[in-house]
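**Q** Questions regarding the structure given below will be posed in turn.
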Amino acid sequence: MSTESHGPAARLEWVDAAKGLGILLMFYGHVVQSLTEVGNENAWTELRFIYSFHMPLFFVLAGFFFRPAERYFQRAQQLAWRRLLPVAFFGLLLVPLWSVGLVRHGVPWWHGIEPYAEGYLRGMPQLNWMTWFLVCLFLCELMALACLPRFKSLGSRLLFATACLWGGVLLCDHISPWAETVGLHLHASFLHEAIVALGFYTAGQALFPCVQRLSRHPAGAALMFVLALGVVLVTYRSNHPGGHFAVMMAGKTHGDVLYFVCTALAGSAAVLALGMLLASQHWLGAIGRNSLPLLGLDGAFFHFFNPQIAALRPPADAPGSVIVYSVAVSVVSLLACIPVVILMNRFVPQLVGQSQRSGPWLPSFEAYLKRRDSLAASATPNPPPAA
């Protein structure tokens, strides 16, 4: 396999649909998580199922779009604008909500916010925990730019993905706890989890041509959905025998590495196949195209609204009640986000992952980088001719 990008050159409807399904699972899963915190036992089953694959799915999807960089540091700056600027923006967006509770309890808002703000220096976005994914993805992409062009064949990239998944889980589960006991906080910036993410990212990049071919065959996509979903249903409970356990990549919790990888890849395959079958659903594609601002806005529901609603109006501890409640809260939350997403895309797209765009309030940050590099290159004196 050449080192040229095999990611989609233009938007693919089935990819947007798969992203949309991932966002729906994210909103739904966070509602379910709020129910587990008030003691709903049936919510734990759904949480274990969704969390077994929904975050690996996003890293697999990101890998579809990998392309090598001719100038590493220039691409790194571009990625910083697209990933880290939204982390800061969505953190600041929630400061007023954090401040309300602090002021209500007689605590000066800055004294309560300051410890969380300091966490950002270590890559821990505690003001809006949803954006941990962007920090981890940024580190994953930096490593991918350095490593993936060195692996030319499909087999070598799949072996590299396997090594990242196995080694990353080992680091998170064993090396990190030991290091923290001696004062080395290696969890900062999700460095070890980024290695796990790189495994899924590499798998997505390597397998994209095969997945793209499958997207042209609805019968094959339907078969893949059924088989992959069956694997998830069989394996997700086996990852960890305890009832109160769920895969939490943000917390470096994976369970058994074999079951974790198997269930994560099978679940990702099921969502991709369902995205192929639902590619014509434009509303789902619209959600996928706005996945980054929706991810950031979900932080408000995750931190504030979902826990409050779960505490005030919990559903009955029964599977049907949990599903109806979680669907209703997720739909209302998504509908509430729509006008905010429209305003963000209209006025500040640069702050929600579109740093290449210009106006109306802010310039194109990436155009600024290009002008700066161009001026620096023109200011460099030409070397004297050889004797």
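The values are calculated or read from the model by the stated rules, or taken from the named source; none is laboratory data. Bear in mind that the values here come from a model prediction, so they are computed numbers and not experimental data. Cβ: placed from backbone, ideal geometry, glycine included. Neighbour counts: every protein chain shown. Areas reflect the complete protein model, heavy atoms only, side chains present, ligands, DNA and RNA absent. Shrake-Rupley method; radii C 1.70, N 1.55, O 1.52, S 1.80 Å.
**Q** Residue 64 fails exactly one of the following numbered conditions: (1) modelled with pLDDT under 90; (2) surrounded by 14 or more Cβ atoms within 10 Å (Cβ to Cβ). What is the number of that condition?
**A** Of the numbered conditions (1) modelled with pLDDT under 90; (2) surrounded by 14 or more Cβ atoms within 10 Å (Cβ to Cβ), the odd one out for residue 64 is (1).
**Q** Please work out if residue 308 is surrounded by fewer than 19 Cβ atoms within 10 Å (Cβ to Cβ) and within 19 Å of residue 129 (Cβ to Cβ).
**A** Spelling it out, residue 308 is indeed surrounded by fewer than 19 Cβ atoms within 10 Å (Cβ to Cβ) and within 19 Å of residue 129 (Cβ to Cβ).
**Q** Every residue in segment 56-106 that is of a type in the set (Gly, Ala, Ser), out of contact with any helix residue (DSSP H, G or I) (no Cβ under 6 Å at 6 or more places or on another chain) and free of Cβ contacts under 8 Å to residues at least 24 places away in the same chain, please.
**A** Residues satisfying the conditions are 101, 106.
**Q** Turning to a different aspect of this structure: Go over the candidates 211, 271 one by one and state the one that is in contact with a His (Cβ under 9 Å, 6 or more places away or on another chain), open to solvent by less than 30 Å² (accessible area, probe 1.4 Å) and either outside any helix (DSSP H, G or I) or modelled with pLDDT of 95 or more (or both).
**A** 271
**Q** When residues of segment 21-45 are filtered for being outside any helix (DSSP H, G or I) and of a type outside the set (A, V, I, L, M), how many remain?
**A** Number of matching residues: 3.
**Q** When segment 221-249 is examined, which residues are found to be surrounded by fewer than 18 Cβ atoms within 10 Å (Cβ to Cβ) and either in a helix (DSSP H, G or I) or of a type in the set (Lys, Arg) (or both)?
**A** 222, 223, 226, 227, 229, 230, 231, 233, 234, 237
**Q** I would also like to ask the following. Regarding residue 89, is this residue open to solvent by 30 Å² or more (accessible area, probe 1.4 Å) and not in a loop (DSSP other than H, G, I, E, B)?
**A** yes
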